[in-house]
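Take a look at the structure set out below.
No value in this document is a laboratory result; all are computed from the given coordinates. Since we're looking at a predicted model, the values are computed, not measured. Ideal geometry is used to build each Cβ from the backbone, glycine not excepted, and the neighbour counts take in all protein chains shown.
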Amino acid sequence: MTSTPTPTPLVARTPEDILAFVPIAIGFNPETSVAMLTFGDRPSFHARVDLPDHPDDVDDLVDALLRPSLRHHVRQVIFVVYDDDTTVADESAWSLLEAFTERGIEVIDVLRVHDGRWFAVLPGRDPASYRGVPFDCGAHPFTARAVFDGRVTRGSRAELRATLDPAADGVAESSALLATAPAPLSPAQVRDLVAGDADRFEPWPVEVLVPLALALRDPAARDQAWSGLSRGTATRWVATCSDAVRRLPDELVAGPASVLAVAAWLAGEGALAWCAVERCRAVEPDHSLARLVADLLDEACSPDLWDRFRAGPGLGAA
């Protein structure tokens with residue numbers, strides 16, 4: 001599940017408003033997915049899960065969205081189902097409506113989207129809305145506002161994931177230095193690097209990048225890196241860590257990718273955080289920090305908890 005705090009508030013009054021908001025909220029244009037927008041007493045969040053391949057698996061989708069909604073005392077939700085498979089999409093839509101309603105969460109609206117059209121699901125709309133209404137998010141004022149605010153919306157999740165793909169020249173440079181057996185940074189040096197680089201987020205030179213990546217294999221040094229992040233600098237750390245992940249060979253990627261996952265979560269970029277978790281797990285499936293961030297995302301934990309989280313006992317990722 002992709003889960004992220006709600007970005008800059010935008011008032012949605014029409015289905016077209018909702019459909020324009022969803023890609024801004026999750027960072028990319030969803031496909032074969034269910035997007036959920038939430039409203040309640042606590043800060044709201046949005047979430048996206050993949051649609052299952054078979055109707056028999058819809059219960060897992062419902063649980064993935066209902067569990068964090070109950071945990072965070074969500075009062076109202078909107079669902080948007082993206083798919084052209086009528087059976088799975090319809091089963092998902094009606095199962096979500098039934099499950100959430102039974103647990104006392106009001107479902108404000110359910111929309112289905114495919115082939116550039118939206119379709120009403122709940123009764124009471126104009127008959128034309130059940131036959132499909134064309135829409136264009138690119139021309140919507142919300143999209144223009146997001147561009148003005150500097151929010152980047154990718155064309156798909158695959159396009160977002162590709163922003164962490166290896167850069168051949170950078171990997172070759174890092175591999176050449178790695179072959180000389182450089183010494184890793186100490187945990188204290190990692191701490192000083194994180195603390196001292198707050199006003200100078202430029203790509204690390206390879207002479208720093210490789211020793212840092214070697215250090216991040218050590219849980220003690222890795223803890224110094226991720227626990228030294230802050231919400232105020234998270235967005236800039238996302239750029240720096242993304243660059244690092246692209247320039248490293250696979251044997252050094254896991255540590256920087258896991259720190260990137262923390263930074264992306266802190267910056268409110270839940271989809272990118274998941275991509276970083278996946279990049280880490282591709283080379284180290286049981287990585288503890290990646291597992292920690294995955295749990296935070298699955299439970300829709302807000303970055304507002306960060307200071308309390310860092311101060312809690314026993315929260316280091318070994």
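Tabulated data
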{"quantity": "Over the stretch 59-121: Kirkwood hydrodynamic radius from C-alpha pairwise inverse distances, Å", "calculated": "12.0 Å"}
{"quantity": "Under 13 Å, Cβ to Cβ, from V171 - net charge with Lys/Arg +1 and Asp/Glu -1", "calculated": "-4"}
{"quantity": "Approximate shape of the stretch 163-311 as ellipsoid semi-axes (Cα gyration tensor, √5λ), whole Å, largest first", "calculated": "23, 17, 14"}
{"quantity": "Two-site FRET efficiency, T86 against D17, from Cβ-Cβ distance with R₀ of 25 Å, rounded to 0.05", "calculated": "0.50"}
{"quantity": "Added length on full extension, which subtracts the Cα-Cα distance from 0.36 nm per residue, A282 to W94", "calculated": "64.2 nm"}
{"quantity": "Charge dipole magnitude, Cβ of K and R +1, D and E -1 - the stretch 163-311, Cα centre, debye nearest 20", "calculated": "220 debye"}
{"quantity": "Cβ-derived FRET efficiency at R0 41 Å, D218 paired with R71, nearest 0.05", "calculated": "0.75"}
{"quantity": "Read-out Rg and Dmax of the Cα atoms in Å, derived from the coordinates shown; its label in [x] 20.9, 70; [y] 19.1, 56; [z] 21.7, 69", "calculated": "[x]"}
{"quantity": "Per-peptide average of other Cβ atoms within 10 Å, ordering 270-283, 126-139 highest first", "calculated": "270-283, 126-139"}
{"quantity": "DSSP bridge pairs, the chain: antiparallel proportion in percent, nearest 5", "calculated": "75 percent"}
{"quantity": "Exposure proxy ranking, count of Cβ atoms within 10 Å, fewest first, for W265, W204", "calculated": "W204, W265"}
